[in-house]
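A quick write-up on the structure given underneath.
The values are calculated or read from the model by the stated rules, or taken from the named source; none is laboratory data. Note that the structure is a prediction, hence the values are computed from the model and not measured. Ideal geometry is used to build each Cβ from the backbone, glycine not excepted, and the neighbour counts take in all protein chains shown. Please note that ligands, DNA and RNA were not included when accessible areas were found on the heavy atoms of the full protein model with its side chains. Shrake-Rupley method; radii C 1.70, N 1.55, O 1.52, S 1.80 Å.
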Amino acid sequence: MSLRNEKGQTLEEFLADYDENRYRRPSNTVDMILMTVSDARLKILLVKRKDHPFIHDWAMPGGFINFDEDMETAVQRELAEETSITKNTYFRQLYTFGNADRDPRTRIITTVYLSMTPESAIRRTKAGDDAEETAWFTISKTIVSSDDTCRRCLLTLEEENLGVKMVYDVTDTARYNYIETRSELNPSSNAQLAADHVKAINMAMDQVQNRAASTGILFNLLPEECTLREIQNAYEAVIGRKTDTGNFRRDIRKMLTETGHTKKVSGKNARLYRFNPMFTYLEENL
């Protein structure tokens, strides 16, 4: 027996009568924050826009979602188009940005995904139709001052070969029941990020830095089998500073499984480890 609404309509009758043009519809996009570690530095992929709006500004790669396409499928498509990565790449939803005035073209709501990959998985990068070029920027976030009510940081993105540098002063202020984050382009910059992309990148850096030592997220930047030194190098690249080797190795071993394999490092055999995928589950659920 078919269920009927107050008008006596079945689902089929309701859909046949539904006017999809009754409400204006926003456009929807997916944007990606793709990170890797190269030469012991944390890197993020950015594209330089070649058309309005935000012409010549640097932006997260991404694009519009096709009408019959799932968001995750759109992310995988964009990753493949921009980097040739087609499978087995970590990505997770970070946040949805939907301020009414965030894009002058029309109402555009974007869902940002955080993606992380070993450098070896990236065979190439190429600019999409709306970009002049792509580049891997060294990214860091360092605390300038902090107390119980306010934290001030510098978010720096730099591409040395192109001579491009963007520095943002980021201020987190404690309000009654939330943290208010504001950012301002520092005068030392010679370029800027498009639209509200600094908000997403700043949020991603907080998540990656805060979770690097306590979850398995760090290992998405590493090959499946790696040495303790490679793991520590990746961790230091993420947090932007050196760490005590003894303490780091004692803590990180809880997350690891020995593979029984070794590789030559500076003429010596170094043991290879892999992340134990049960670590997070055991920590959080038992």
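Tabulated data
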{"item": "Spatial separation of Cα centroids for segment 87-105 and segment 239-260, in angstrom", "result": "32 Å"}
{"item": "Difference of contour (0.36 nm per residue) and Cα-Cα distance, Ser38 to Arg229", "result": "67.3 nm"}
{"item": "Accessible area of the chain divided out per residue, in Å², using a probe of 1.4 angstrom", "result": "59 Å²"}
{"item": "Straight-distance crosslink candidates among aspartates and glutamates, where the alpha carbon sits under 13 Å from Lys7 and sequence neighbours closer than 8 are dropped", "result": "Asp17"}
{"item": "Extension gain from Arg271 to Arg24, taking 0.36 nm per residue of separation minus the Cα-Cα distance", "result": "83.0 nm"}
{"item": "Cut-off 13 Å (backbone N to label point 7 Å along Cα→Cβ of Arg123), residues of segment 83-103", "result": "83-87"}
{"item": "Amide hydrogen neighbours beyond the local backbone of Ala191, cut-off 5 Å, H modeled", "result": "Lys165"}
{"item": "Tilt relative to the chain, helix 228-239 - C-alpha long axis, 0 to 90 degrees, to 10", "result": "50 degrees"}
{"item": "Computed E for Lys264/Arg77 - FRET, C-beta separation, R0 51 angstrom, nearest 0.05", "result": "0.80"}
{"item": "For segment 260-271, 3J(HN,Hα) per residue [Karplus equation, 6.51 cos²θ - 1.76 cosθ + 1.60, θ = phi - 60°, Hz, x = Gly/Pro]", "result": "x, 9, 9, 9, 6, 9, 6, x, 10, 7, 9, 5"}
{"item": "Distant-in-sequence amide H partners of Tyr90 (H built 1.01 Å from N, under 5 Å)", "result": "Met116"}
{"item": "Label-point separation, Asn99 to Asp196 (7 Å along Cα→Cβ), nm", "result": "0.6 nm"}
{"item": "Segment 131-260 shape via C-alpha gyration tensor axes, a/c threshold 1.5", "result": "oblate"}
{"item": "Accessible surface of Met71 - all protein chains present, 1.4 Å probe, nearest 10 Å²", "result": "60 Å²"}
{"item": "Set Lys165/Lys242; Lys50/Lys242; Lys126/Lys264; Lys87/Lys264; Lys199/Lys254; Lys126/Lys199 screened for pairs whose C-alpha atoms are more than 27 Å apart", "result": "Lys50/Lys242; Lys126/Lys264; Lys87/Lys264; Lys199/Lys254"}
{"item": "Cα gyration tensor category, rounded, prolate or oblate, for the chain with a/c compared to 1.5", "result": "prolate"}
{"item": "Of all DSSP beta bridges in the chain, antiparallel share, percent nearest 5", "result": "85 percent"}
{"item": "Low-density loop cleavage sites - chymotrypsin sites (Phe, Trp or Tyr not before Pro) in segment 156-225, where at most 10 other Cβ are within 10 Å (DSSP)", "result": "Tyr176, Tyr178"}
{"item": "Efficiency of FRET between Leu15 and His56 - r from beta-carbon atoms, R0 45 angstrom, step 0.05", "result": "0.50"}
{"item": "Karplus-derived HN-Hα couplings along segment 163-177 (A = 6.51, B = -1.76, C = 1.60, θ = phi - 60°), whole Hz, x at Gly and Pro", "result": "x, 9, 9, 10, 10, 10, 7, 10, 10, 9, 10, 6, 9, 4, 9"}
{"item": "Residue-span extension gain [Asp148 to Leu3] - 0.36 nm each, minus C-alpha spacing", "result": "46.6 nm"}
{"item": "For segment 131-157 and segment 208-231, distance of Cα centres in Å", "result": "20 Å"}
{"item": "In segment 8-112, trypsin sites (Lys or Arg not before Pro) in a DSSP loop with at most 10 other beta-carbon atoms within 10 Å", "result": "Arg22, Arg24, Lys87, Arg105"}
{"item": "As computed over segment 61-158, the Cα convex hull volume per residue (Å³)", "result": "164 Å³"}
{"item": "Portion, in percent, of the accessible area of the chain that falls on carbon or sulfur, probe 1.4 Å", "result": "46 percent"}
{"item": "Phe64 accessible area, 1.4 Å probe, all protein chains in place, Å² to nearest 10", "result": "100 Å²"}
{"item": "Mean separation of Cα contacts under 8 Å, 6 or more apart, over the residue count of segment 112-233: relative contact order %", "result": "20 percent"}
{"item": "Kirkwood-type radius of segment 1-92, with distances r between different C-alpha atoms, in Å", "result": "17.0 Å"}
{"item": "Charge dipole (the chain, unit charges on Cβ, about Cα centre) - positive-most of Leu45, Ala100, Tyr18", "result": "Leu45"}
{"item": "Rounded to whole Hz, the Karplus (6.51, -1.76, 1.60) HN-Hα couplings of segment 208-218, x for glycine and proline", "result": "5, 5, 6, 9, 4, 8, 10, 9, x, 4, 4"}
